[in-house]
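To start, the structure under review is shown below, and the notes come after it.
The values are calculated or read from the model by the stated rules, or taken from the named source; none is laboratory data. Note that the structure is a prediction, hence the values are computed from the model and not measured. Reconstructed Cβ throughout: ideal geometry from the backbone, glycine too, with neighbour counts over all protein chains shown. The area values use the complete protein model at the heavy-atom level, side chains included, leaving out ligands, DNA and RNA. Shrake-Rupley method; radii C 1.70, N 1.55, O 1.52, S 1.80 Å.
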Amino acid sequence: MDPARADAGRVWTLARRATAPHPAPCPAPDAGGAPLDDASSHLMVALAERHRLPGLLAAGLSGMDVRLSAAAAAALRSLALRDAMITTRLAARMFSLLDAFAAEGISARVMKGLPVAALAYGRLGLRHVRDVDFLVPEDDFVAAHEVILAHGFTPMVDLGRVAVADLPRYAHELPYSDDQGSIVELHAARSAHRGGRDHAAAPLATVQVMGRAVPVDPFPDIFVHLCRHGASHAWCLLKWLADISHLIASPSARFDWEAVAETTRRSGSARHVGLALALAGAVHDVTPPPALAGFVGTVPSGLVHRIVAMLADPMSGGPTPMAMARLEVGLASGPGAKAAALRDFMLTPTLQDARDWPLPHGLLWAARPVLYAARRLRRASAGVT
């Protein structure tokens, strides 16, 4: 075997153990604290950067008999400290915006990110958080947009001729940043799939974040959404899988897994949840809750192996948009769900379509297949897949 490939495999084994809910002791020759060599140490740091989990990886390695080289250890600590500082700043921005939304009578809830860090790890600094995702009713989207602007944020995308009130027709989210680089995203739906627009009917729950109750979806919806979100990105980041593994490994009485199973069936997410559970088992040796175990068998053959191989490759650039679309269609349960997934990827006009083509909304729908094909041809001619 190629020594470099062997070293990469060994580092990946250590990384997945370190990010598991209960890090397993490292086998010899690292037992007793023998250091990794310089190349392997820096490969570990590269995995931490690629998978966006320096805090969790550093904490896990500290509980194992593994020592990185001095330079790599310093680099990992620096990355973990950076993430902790960003998380603290984002939490402050989240609280101020929630207060501002409430003052304007806007019903906002927070998705993923900080609430998941609190649920899965109990410590915010262990999870890389890039932004804060706010979900609001579509009727409040413009008002929420104005609140975010008033707090010093500016949109990160060019809306062109598209009015803010019309944006939910073409995109489910709008990202903003402030002068410190903090990012928030305003959502009119939980995902790009049209089935996410159920905010008004969805019940509300809370999660304690830094001692404050933060409005969120109930846990079954959070868990299923995390599984669907990971699948929509072809599970290209170990960070997302670590969230699933740590949530599953929480004390069994903490979450109602029967309710999660019911939400999974009701939302047509059996394969999405099954894939997440199968990956958690393959990477972190996590056993699924009994109520969810049946979903693992819905996963297409060979899919877990392909995704784990991509995760383990420190040089992988991740899946292409086409690969992600194929996975989403493949995971959809039944002809109707597959047709809806194809509609979302190929027929539904995007914000780019609305910016580039000054057509009424109905005509954009009619022209979308041609626009999709033209864009694919341009990408192919430019050598982009």
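Structure data summary
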item: When residues of region 164-183 are limited to those that are under 13 Å from Val136 (Cβ atoms) and in a strand (DSSP E or B), the one modelled with the highest pLDDT; result: Leu174
item: Any pair with Cβ under 6 angstrom, 6 or more apart, that starts in region 184-197 at a residue that is at pLDDT below 85 and ends at one that is of a type outside the set (Ser, Thr, Tyr) and not in a loop (DSSP other than H, G, I, E, B); result: Arg190/Gly196; Arg190/His225; His193/Asp344
item: Filter result for Val110 (outside any helix (DSSP H, G or I), within 19 Å of Asp179 (Cα to Cα) and of a type in the set (A, V, I, L, M, F, W, C)); result: no
item: Residues being farther than 22 Å from Leu347 by Cβ and over 19 Å from the mean Cα position of the chain (by Cα) - total across region 164-176; result: 2
item: Filter result for the condition that a residue is farther than 30 Å from Pro358 by Cβ, more than 22 Å from the chain's Cα centre (by Cα) and not in a loop (DSSP other than H, G, I, E, B), over Ala75, Ala80, Ala92; result: Ala75
item: Given (1) part of a helix (DSSP H, G or I); (2) open to solvent by less than 10 Å² (accessible area, probe 1.4 Å); (3) at pLDDT 90 or above, index of the condition Asp133 fails; result: (1)
item: Filter result (modelled with pLDDT of 60 or more and either open to solvent by 40 Å² or more (accessible area, probe 1.4 Å) or in contact with a Phe, Trp or Tyr (Cβ under 6 Å, 6 or more places away or on another chain) (or both)) within region 17-42; result: Arg17, His22, Pro23, Pro35, Asp37, Asp38, Ala39, His42
item: Odd one out for Ala102 among (1) touching a residue at least 24 places away in the same chain (Cβ under 8 Å); (2) open to solvent by 50 Å² or more (accessible area, probe 1.4 Å); (3) not polar (S, T, N, Q); result: (1)
item: Where a residue in region 265-292 is within 25 Å of Lys338 (Cβ to Cβ) and its partner, wherever it lies, is in a loop (DSSP other than H, G, I, E, B) and of a type in the set (Ser, Thr, Tyr), with Cβ under 7 Å and at least six apart; result: Gly268/Ser333; Ala270/Ser333; Arg271/Ser333
item: Qualifying positions in region 65-90 - charged (D, E, K, R) and in contact (Cβ under 8 Å) with a residue 60 or more places away in the chain; result: Arg89
item: Residues (out of contact with any Lys or Arg (no Cβ under 7 Å at 6 or more places or on another chain) and small (Gly, Ala, Ser)) located in region 121-166; result: Gly122, Gly125, Ala143, Ala144, Ala150, Gly152, Ala163, Ala165
item: Scan of region 338-368 for residues that are open to solvent by 40 Å² or more (accessible area, probe 1.4 Å) and at pLDDT below 75, ordered by number; result: Leu342, Arg343, Phe345, Met346, Leu347
item: Members of region 47-72 found to be crowded, with 16+ Cβ neighbours inside 10 Å, part of a helix (DSSP H, G or I) and of a type in the set (A, V, I, L, M, F, W, C), listed by number; result: Leu47, Ala48, Leu56, Leu57, Ala58, Ala59, Leu61, Ala72
item: Residues located in region 238-262, provided they are open to solvent by less than 10 Å² (accessible area, probe 1.4 Å) and within 19 Å of the chain's Cα centre (by Cα); result: Leu238, Leu241, Ala242, Asp243, Ile244, Ser245, Leu247, Val260
item: Residue in region 151-163 that is within 18 Å of Met94 (Cβ to Cβ), open to solvent by 50 Å² or more (accessible area, probe 1.4 Å), hydrophobic (A, V, I, L, M, F, W, C) and not in a helix (DSSP H, G or I) present; result: yes
item: Filter pass, Ala340 being under 30 Å from Val45 (Cβ atoms) and not β-branched (Val, Ile, Thr); result: no
item: Residue satisfying all of: in region 87-117; of a type in the set (A, V, I, L, M) and in contact with a His (Cβ under 8 Å, 6 or more places away or on another chain); farthest from Val209 (Cα to Cα) among these; result: Ala100
item: Filter pass, Ala117 being in a helix (DSSP H, G or I), touching a helix residue (DSSP H, G or I) at 6+ places or on another chain (Cβ under 7 Å), among the small types (Gly, Ala, Ser) and open to solvent by less than 10 Å² (accessible area, probe 1.4 Å); result: yes
item: Some residue of region 315-326 being under 22 Å from Pro115 (Cα atoms) and within 17 Å of the chain's Cα centre (by Cα); result: no
